[in-house]
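Enquirer: One structure, pasted below without further comment.
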Amino acid sequence: MEKFDVCIIGGGPAGYVSALKCAINGLSAAIIEKERFGGTCLNRGCIPTKVLYSKAKYLNKIKKPERGFSINGFSFNYGEIINYKDEVVSTLTGGVEKLLKARKVNIFYGMGKIAGRENGVFRVGINANDGSDVQISADNVIAATGSVPLMIPAFNIDHKNIITSDEALSLRNIPESLIIIGAGVIGCEFANIFSEFGSAVKMIELLPSILSTEDKEISKFINKNFKSRNIDIMTGVEVAGIKALGLNGKSGAEVELKTGDKFETEKVLVSIGRKLNTAALGLEEIGVKLDNRGKIETDTHNETNIKGIYACGDIIDGPMLAHKASYDGIIAADNIAGIVKEKDYGVLPWSIYTNPAIGTIGLKEGDAALSELNYNVGRFSYAASGMALAMEESEGFLKVIVDEKSKKILGATGIGADIPELIAEIASYMHFGGTVFDIESTIHSHPTLSEIVPESALDSIGEAVHKFNPRTAKK
Ligand code: NAI
């Protein structure tokens, strides 16, 4: 039986990054993946949606050309866009496989399961994709099996008319009408894409607002933006059931609400959250503890209660984000190699690709208001940025939450062109405990959108240079 220092089960952003980091740390590593490398992020999530997002933005510019241009007639071939998306995915997933091979990580294609432990060494069974059964052993195991879309029986997901985000990425034609159940991150990203390509989109959300976990101002902004683009939004509404039906000779579906109202549509996209892939891993048999939400309990090294078994990504605590999963993988790989690192999700940025995009990090204004903290909020509008005006991207703002006494940056959120890149800059300041004055003394290239960062931070102390009415003037 082949033996390794580490066996990683799952080849998504948590698994493949931890495998590469194990190899970089000089450990022998095996990785087991049942499909293509890259997990949800590369195959069915972040990357393919960004291809469609980018094409939808381009289409938006064609439909509403910048000043000085008129475009007389255009057409698009959505099938060709999907072909391009598939090529991007293949390039990147193939690239991950090449990286693993270059680092001499042993690759097994199939389903992995912890089969037992003998003399402190784990035995891992692999039900290989070629039909064979293989056994390997390892001193450490990293479980990184991710999540899949949540499905509930009453929604009758048939993967044709009633679909999840997995199928939504491979439709070869734009549906005339689309009902999206769940107006969270996935629901809103797809509403943006499909409405731009011409679907009549209706969103049905259980909670009182769309993007309900985001900053209230951001949620309102995107609600208004969607409505202005004729996206129909119903909030505080419960769905009783969904069934597939024939619609004017075409396939279709009917959504019935608890109120008895019924809506017919060509497709229904169900995006109501995700389910963890922790079953069939042999975790419970070996005694790994799960919490009351079914997530694997880990310590600050991402080690479970069973010494030598680590877990990373969606299946453990924290938000389901690809970059958080990769961070988890690095923490596990370093601790296994004896490089002691404690995980800390305190400075964890995230982005939502609507048009304009949303970016957030750290403390939200709403949570600050409920806390005992003394803080100030600085904000700056895209409309006051020379670069944003030059780009005809003047919609949006960035606001920064600052500790009143220390002037440390506690959080930031915004909406606008390239805002995720601005948030990435703020992440660096926050990681190093940076203050408003650190941002002020960092020279920002002109003209760039990044100048919005110092302006909003300085506004928190009433010192934004290019602002007529500073929001606060507290020192
Ligand atoms: P989500 O948790 O963001 O949103 C689900 C929404 O569905 C919530 O607003 C919820 O109230 C609503 N909902 C739940 N049950 C419902 C029902 N029966 N009827 C109507 N509405 C219902 O989950 P989502 O959008 O599926 O995304 C899953 C995960 O993927 C998220 O945790 C997110 O972090 C991650 N993700 C991140 C992205 C990014 O970083 N840009 C992009 C896409 C996903």
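The values are calculated or read from the model by the stated rules, or taken from the named source; none is laboratory data. It should be emphasised that the depicted structure is a prediction, and the values quoted were computed from it without experimental measurement. When we count neighbours, we look across all protein chains shown, and the Cβ atoms used for this are built from the backbone with ideal geometry, even at glycine. Accessible surface areas use protein heavy atoms only, side chains included; no ligands, DNA or RNA. Shrake-Rupley method; radii C 1.70, N 1.55, O 1.52, S 1.80 Å.
Enquirer: Given a 1.4 Å probe and the protein chains all in place, what does the accessible area of H301 round to, in Å² to the nearest 10?
Expert: 40
Enquirer: Suppose every Lys and Arg Cβ carries +1 and every Asp and Glu Cβ carries -1, with no other charges. What dipole size does segment 356-459 come out with about its Cα centre, to the nearest 20 debye?
Expert: Numbers: 6 positive and 16 negative charges, 55 e Å.
Roughly 260 debye, rounded to the nearest 20.
Enquirer: Let me ask something else. Select from P420, G260, T442 the residue farthest towards the positive end of the dipole of the chain; place +1 on Cβ of Lys and Arg, -1 on Cβ of Asp and Glu, and compute about the Cα centre.
Expert: So the residue furthest toward the plus end is G260.
Enquirer: Going by accessible area, probe 1.4 Å, with all protein chains left in place, what is the ranking of L257, L321, largest first?
Expert: Ranked from most to least accessible, the order is L321, L257.
Enquirer: Next question. Sorted by accessible area (1.4 Å probe), largest first, how do H431, H159, H444 line up?
Expert: Working: H431 130, H159 85, H444 35 Å².
My answer, sorted largest first, is H431, H159, H444.
Enquirer: While we're on this one: Under 1.5 on a/c is rounded, so check that first for segment 356-459, then, if it is not, pick prolate when a/b is larger than b/c and oblate when it is not; a ≥ b ≥ c are the square roots of the alpha carbon gyration tensor eigenvalues. Don't skip to the end; give the middle numbers.
Expert: On the way: a/c = 2.03, a/b = 1.50, b/c = 1.36.
It is prolate, given that a/c is not under 1.5 and a/b is the larger ratio.
Enquirer: Same structure, new question: Please report how far the C-alpha centroid of segment 177-254 lies from that of segment 53-69, rounded to the nearest whole angstrom.
Expert: Using only Cα atoms, the two centres lie 22 Å from each other.
Enquirer: Whole Å is fine, so just give me how far the alpha carbon centre of segment 349-371 lies from that of segment 421-466.
Expert: Each part reduced to its Cα centre gives a spacing of 16 Å.
Enquirer: What does the accessible area of Y84 come to, in Å² to the nearest 10, when a probe of 1.4 Å is used?
Expert: 110
Enquirer: What does the charge count around P349 come to, taking other residues whose C-beta lies under 12 Å from its C-beta (Lys +1, Arg +1, Asp -1, Glu -1)?
Expert: Result for the local shell: -1.
Enquirer: Further question on the same structure: Near the amide H of I316, under 5 Å away, which other amide H atoms are found, from residues 5 or more places off or on another chain, if H is placed in the peptide plane?
Expert: Placed amide hydrogens put I296 under 5 Å from I316.
Enquirer: A further question follows. Could you pull out the pairs from K85/K160; K34/K160; K63/K160 whose alpha carbons sit more than 26 Å apart here?
Expert: Too far apart for the 26 Å limit: K63/K160.
Enquirer: A further question on this structure: Taking all protein chains in place and a 1.4 Å probe, what share, in percent, of the accessible surface of the chain do carbon and sulfur account for?
Expert: 53
Enquirer: Taking only DSSP H segments of four or more residues, each worth -39500 (n - 2.57), what value at 222 nm results for the chain once the sum is divided by all its residues, to the nearest 500 deg cm²/dmol?
Expert: That comes out to -9000 deg cm²/dmol.
Enquirer: Ok, one more. At R0 = 35 Å, how high is the FRET efficiency between K250 and L206 if r is their beta carbon distance? Nearest 0.05 is fine.
Expert: Result of the calculation: an efficiency of 0.80.
Enquirer: Follow-up. Taking a probe of 1.4 angstrom, what is the accessible area of K267 in Å², to the nearest 10?
Expert: Counting only protein heavy atoms, K267 exposes about 30 Å² to solvent.
Enquirer: I would also like to ask the following. Have a look at V347, G359, I331 and report the one farthest towards the positive end of the charge dipole of segment 316-367, computed about the Cα centre with Cβ charges (Lys/Arg +1, Asp/Glu -1).
Expert: G359
Enquirer: Another question about this same structure. For the charge dipole of segment 16-156, defined by +1 on Lys and Arg C-beta atoms and -1 on Asp and Glu C-beta atoms about the Cα centroid, which residue among I126, T93, I31 has the Cα displaced farthest towards the positive pole?
Expert: Value: T93.
Enquirer: Provide the per-residue ³J(HN,Hα) series for segment 226-233, in order, calculated from phi with Karplus coefficients 6.51, -1.76, 1.60 and θ = phi - 60°, each as a whole number of Hz, with x at glycine and proline positions.
Expert: Values per residue, Gly and Pro as x: 4, 4, 5, 9, 6, 7, 7, 10 Hz.
Enquirer: About the Cα centre of the chain, what is the dipole size in debye to 20, counting +1 per Lys and Arg Cβ and -1 per Asp and Glu Cβ, all else neutral?
Expert: Its charge dipole is roughly 480 debye.
Enquirer: Hey, another quick one. Can you give the extra length, in nm with one decimal, that the chain gains between Q135 and V465 once fully stretched, where that is 0.36 nm per residue apart less the Cα-Cα distance?
Expert: Between Q135 and V465, full extension yields 112.3 nm more.
Enquirer: Here's something else I'd like to know. Assign unit charges at the C-beta atoms only (+1 for Lys and Arg, -1 for Asp and Glu), then state the dipole size of segment 232-321 relative to its Cα centre in Debye, rounded to the nearest 20.
Expert: So the magnitude is around 180 debye.
Enquirer: Follow-up question, since we're still on this one. List the residues, sorted by chain then number, that are 5 or more residues from G241 or on another chain and whose placed amide H is less than 5 Å from its amide H.
Expert: Sorted by chain and number, the residues that satisfy this are E256.
Enquirer: Ok, one more. Can you work out the FRET efficiency for the pair D291 and E264, with r the C-beta to C-beta distance and R0 = 35 Å, to the nearest 0.05?
Expert: Efficiency, rounded to the nearest 0.05: 0.30.
Enquirer: Restricting to segment 153-272, compute how many DSSP beta bridges are antiparallel as a %, nearest 5.
Expert: Looking only at bridges with both residues in segment 153-272, the antiparallel portion is about 45 percent.
Enquirer: Work out from phi, with θ = phi - 60° and the Karplus expression 6.51 cos²θ - 1.76 cosθ + 1.60, the ³J(HN,Hα) of each residue of segment 30-42, listed in order in whole Hz, and give x for Gly and Pro.
Expert: 3J(HN,Hα) across segment 30-42, in whole Hz: 10, 10, 10, 9, 8, 10, 9, 5, x, x, 4, 3, 7.
Enquirer: Can you work out the accessible area per residue across segment 220-372, with the rest of the protein chains kept in place, probe 1.4 Å, in square angstrom?
Expert: 47
Enquirer: Ranked by accessible surface with a 1.4 Å probe, highest first, in what order do F468, F76 come?
Expert: The most accessible residue leads, giving F468, F76.
Enquirer: Using only the Cα atoms, work out Rg/Rh for the chain, with Rh taken as the Kirkwood radius, to two decimals.
Expert: Value, to two decimals: 0.99.
Enquirer: Across segment 180-188, in residue order, what do the Karplus-derived ³J(HN,Hα) couplings come to in whole Hz, using 6.51 cos²θ - 1.76 cosθ + 1.60 with θ = phi - 60° and x for Gly and Pro?
Expert: Listing the rounded values in order: 10, 9, x, 9, x, 5, 5, x, 6 Hz.
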